[in-house]
Amino acid sequence: MSNKKELTCIGCPMGCQISAELDEEGHILSLAGFTCKVGENYAKEELTAPKRMVTALVRLSGGREPLSVKTSNPIDKKLVFDCLRAAATVSVLRPVKIGEVILPHVCDTDVDLIATSEVL
């Protein structure tokens, strides 16, 4: 017995509607509807190992406004909430530069949480 999934590609503005058929173990049997390699790769990753960029706010010591941060690369979708919980424990001292690593190896990955704004 197979399982059918429908995806909307986010690889470009075309938003191709991709149909996938998976076996009982989640292996891809067929893909249809993509118009380029980006769409094909997106569907394969989304169906087998979905990843997401994470954005959050962390405390900035001595200030009222929080510091915006993001992951340096997408992380496994299963780790998104763990990443947000880790960010909630962080307090940063001034000054902070854009791209500065705020939390290295978040959730024991090779991905860092980095600053997306500068605070003097």
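Taken over region 81-95, the criterion of being of a type outside the set (Phe, Trp, Tyr) and surrounded by fewer than 17 Cβ atoms within 10 Å (Cβ to Cβ) is satisfied by Asp82, Leu84, Arg85, Ala88, Thr89, Ser91, Leu93, Arg94, Pro95. Going through Gly62, Gly99 one at a time, which residue ends up being touching a strand residue (DSSP E or B) at 6+ places or on another chain (Cβ under 8 Å), on the phi > 0 side of the Ramachandran plot and not aromatic (Phe, Trp, Tyr)? Sole residue among the options that is touching a strand residue (DSSP E or B) at 6+ places or on another chain (Cβ under 8 Å), on the phi > 0 side of the Ramachandran plot and not aromatic (Phe, Trp, Tyr): Gly99. Only one of the numbered conditions (1) part of a helix (DSSP H, G or I); (2) under 30 Å from Leu22 (Cα atoms) is violated by Asn73, and that is (1). Of all residues in region 75-102, those that are within 19 Å of Glu46 (Cβ to Cβ) have Cβ atoms under 9 Å from Cβ atoms of residues that are hydroxyl-bearing (Ser, Thr, Tyr) and surrounded by 14 or more Cβ atoms within 10 Å (Cβ to Cβ), 6 or more apart or on another chain, in Ile75/Thr109; Asp76/Thr109; Leu79/Thr109; Cys83/Thr71; Cys83/Thr109.
Give me the residue from region 17-56 that is touching a residue at least 24 places away in the same chain (Cβ under 8 Å) and assigned to a helix (DSSP H, G or I) and, out of that set, nearest to Ala86 (Cα to Cα). By that ranking, first place goes to Glu46. The lone criterion from (1) over 23 Å from the mean Cα position of the chain (by Cα); (2) closer than 30 Å to Arg85 by Cα left unmet by Thr8 is number (1). Quick one: Thr89 ticks every box in (1) within 17 Å of the chain's Cα centre (by Cα); (2) at pLDDT 95 or above; (3) among the hydroxyl-bearing types (Ser, Thr, Tyr) except a single one, so which number is it? Among (1) within 17 Å of the chain's Cα centre (by Cα); (2) at pLDDT 95 or above; (3) among the hydroxyl-bearing types (Ser, Thr, Tyr), Thr89 violates only (1).
Select from region 45-73 the residues that are within 21 Å of Leu7 (Cβ to Cβ) and surrounded by fewer than 15 Cβ atoms within 10 Å (Cβ to Cβ) and list them in ascending order. Across region 45-73, the qualifying residues are Glu45, Thr48, Ala49, Pro50, Arg52, Met53. When restricted to residues that are in contact with a strand residue (DSSP E or B) (Cβ under 9 Å, 6 or more places away or on another chain), loosely packed, with under 14 Cβ neighbours inside 10 Å and either in contact (Cβ under 8 Å) with a residue 40 or more places away in the chain or over 30 Å from Ile114 (Cα atoms) (or both), region 1-16 contains 4.
The values are calculated or read from the model by the stated rules, or taken from the named source; none is laboratory data. Computed from a predicted model, the values in this text were never measured in an experiment. Cβ atoms come from the backbone with ideal geometry, glycine included; neighbour counts cover every protein chain shown.
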